[in-house]
Amino acid sequence: MLDHQGRPYRVAIIGGGASGVCLAGLLANRKGQDLPLDVEIFEQGEDILRKLLATGNGRCNFTNRDISPNHYTGKSREDISQVLEEFGFEEAVAFFQSLGMPSKVLDSGMAYPATMKAETPVSLLKAWIKYGGVGVHLSCEIRSIEKEVGNYRVRDREGRDWGPYQTVVLATGGAYGIGKKEWSRGYSLVKGLGHRLTPIYPAICSLAVQESTLCKKASGDKLEADLRMINEGGEVKARSGDLLFTDYGISGMGVFRLSNDLMAMAAGGKMPEVTVDLLPHLAPEEGKNALITIFSQRKEWRVEEALAGFLPRKILRAGLEEIGIRPEDRFSSYPFSHYENWLSFCKSLTFHIKGSRKKDHGQVTCGGLAMDQVDPWNLESMLSKGLYFMGEVLDVQGECGGYNLHWAWASAHTVFRAIVKEAEDKI
C-alpha cells in the first residue's frame, strides 16, 4: 500500500530495545503481505538489545506464567488490562516459538529460553529484523520530533533531519540506559507535543532500611523468606524469594518483587514497612516444639550451636543480639520465654524502608509518560495522532519476574495492530 504520492508507509521507531525491535520485526514481516512499509530504528547506543542481553543475569526471563495487572504498579494496572488480555503468557511463548526459540518454564512461573541464554532471543530478533529489511541507525540520538501536516520529522544530535514519517513510535525505555549514563530522551522528546511526565524513581532495586545496624551484622548472608507489605491502596502484597542482608539494608529476589510498591510509597513521602518471615517453612507451633526439645536436651550447648539449624550463622547471631541474647552464652543462661521472643522476632521481622540504595538506579524506572494521555486500547497519543508509545517509557512497570519484558512484547503487538489498521485505512 502506497500513500497518495506513491510512497511506502513510513514508520520511525525511536529506541532499539526489546519493544522497539519487536515492533520493527512484526511490521517488517507484515511488509511481505501486500503492505509496503518502510521501517527504521533509531538507537542512541552502539548496538540494539543491549539491555535484553543482560536481563535475568544473562538468561533472559522473558515472561511469566502468572501475567495479570496485579503484578504491575500503581494506576497503570487499570490502563493495561486490555493489552495483557490480548497478549498473555501463552501468546508470548508462542511468539518466540514462531521465531524458533523453545522456552523453559520454572516452577516459579518464570519463563526462559530453553538454552537459558539471553544471547538466544537477541540473536534471533536481530536476524529477524535484518532479513526483514529494517533500517537500523546506531549511535543516532534523536533530539526532537516535529509534527507536520499528517506527518512527522525527527532530528538527531548531529542536526540531521529524517522523514517524513506517517508514524513515530517512542520506545526509548526508562530514565537510564543499560550503562546507567545514557539519560533517556524519550520524556523530553514529546513534551513539546503536550505530554506530561509523572514522577520517576528507581524500581526493582535494593533497599536501604532504618534497621541498618542489624543488616550490617548479617551482611552477606541470605535465605529464602516470605515478605509482606501493605501498599498505598491498602492492599496486602506478599511475595517469596531470596532475602540478602547488606551493609545498607536488604536485597534479593524477594525484595525486588516488592520494591516497586515500596518505592512508590517512599517517593510519596511515606515510610513504608515490609514484614519478613525468616522461617517460612516452619509454622509457629512447630518452631515452639523444636525449641522445647532443644531447651530440654542442649542446656550446656552455646546458644548459636543449639540453634544453628534454624538460620545462617550471621543472621542467627544478629537476631539473637537484637533481642538481648548473647550467641556465645550457654543455652541454659536464658529462660524459655527469651527463645519464644526470638522465634516471634524471626517470624515477623519488620523493616522500615528509607528508599533505594544510594546511587542505585534500579533495573527499571517507575513513572514515565502519563497513561491518561494515551489510548489504552492502542497506545496511541491522545494529543498527536500517529504517535505511539511502548515499553518502559510509559508509566507502566512490572515487578521482578519477567513482567517488564512481557510488557515490552505485549505493547509492541498492540502498537503493531494499530499501525497496520491505520496504514490499511489509508489505501
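The values are calculated or read from the model by the stated rules, or taken from the named source; none is laboratory data. Small disclaimer: the values here were computed from a predicted structure and weren't measured. Using ideal geometry, Cβ is built from the backbone for each residue, glycine included, and neighbour counts are taken over all protein chains shown. Note: areas computed on protein heavy atoms with side chains; ligands, DNA, RNA excluded. Shrake-Rupley method; radii C 1.70, N 1.55, O 1.52, S 1.80 Å.
Of note:
- Tally, over the range 80-97, of residues that are part of a helix (DSSP H, G or I), farther than 16 Å from L369 by Cβ, under 18 Å from the mean Cα position of the chain (by Cα) and not polar (S, T, N, Q): 3
- Selection within the range 180-206 - more than 15 Å from A266 (Cβ to Cβ), modelled with pLDDT of 85 or more and in contact with a Gly (Cβ under 6 Å, 6 or more places away or on another chain): T198
- For the range 333-349, the set of residues classified as closer than 11 Å to V303 by Cβ and either open to solvent by less than 60 Å² (accessible area, probe 1.4 Å) or in contact (Cβ under 8 Å) with a residue 60 or more places away in the chain (or both) consists of Y334, Y339, W342, listed by residue number.
- Of all residue pairs spaced 6 or more apart or on separate chains, those with beta-carbon atoms under 7 Å, a first member in the range 239-260 that is among the aliphatic types (A, V, I, L, M) and a second member that is open to solvent by 40 Å² or more (accessible area, probe 1.4 Å) are L243/K222; L244/K222; I250/L244; M253/D242; L258/R239.
- Unmet criterion (only one of (1) open to solvent by 50 Å² or more (accessible area, probe 1.4 Å); (2) under 26 Å from A264 (Cβ atoms)) for L214: (1)
- Take the conditions (1) under 28 Å from P121 (Cα atoms); (2) modelled with pLDDT of 95 or more; D360 misses just one of them, which is (2).
- Test: residue in the range 215-231 that is of a type in the set (D, E), modelled with pLDDT of 95 or more and part of a helix (DSSP H, G or I): no
- Across the range 247-278, the qualifying residues are those that are out of contact with any strand residue (DSSP E or B) (no Cβ under 6 Å at 6 or more places or on another chain) and surrounded by fewer than 21 Cβ atoms within 10 Å (Cβ to Cβ), and the one among them that is modelled with the highest pLDDT is D247.
- Residue selected from the range 50-79 under the condition within 22 Å of N378 (Cβ to Cβ) and over 15 Å from the mean Cα position of the chain (by Cα), by the criterion most open to solvent (accessible area, probe 1.4 Å): K75
- Extreme residue, nearest to L383 (Cα to Cα), among residues of the range 190-203 that are of a type in the set (A, V, I, L, M) and open to solvent by 10 Å² or more (accessible area, probe 1.4 Å): L193
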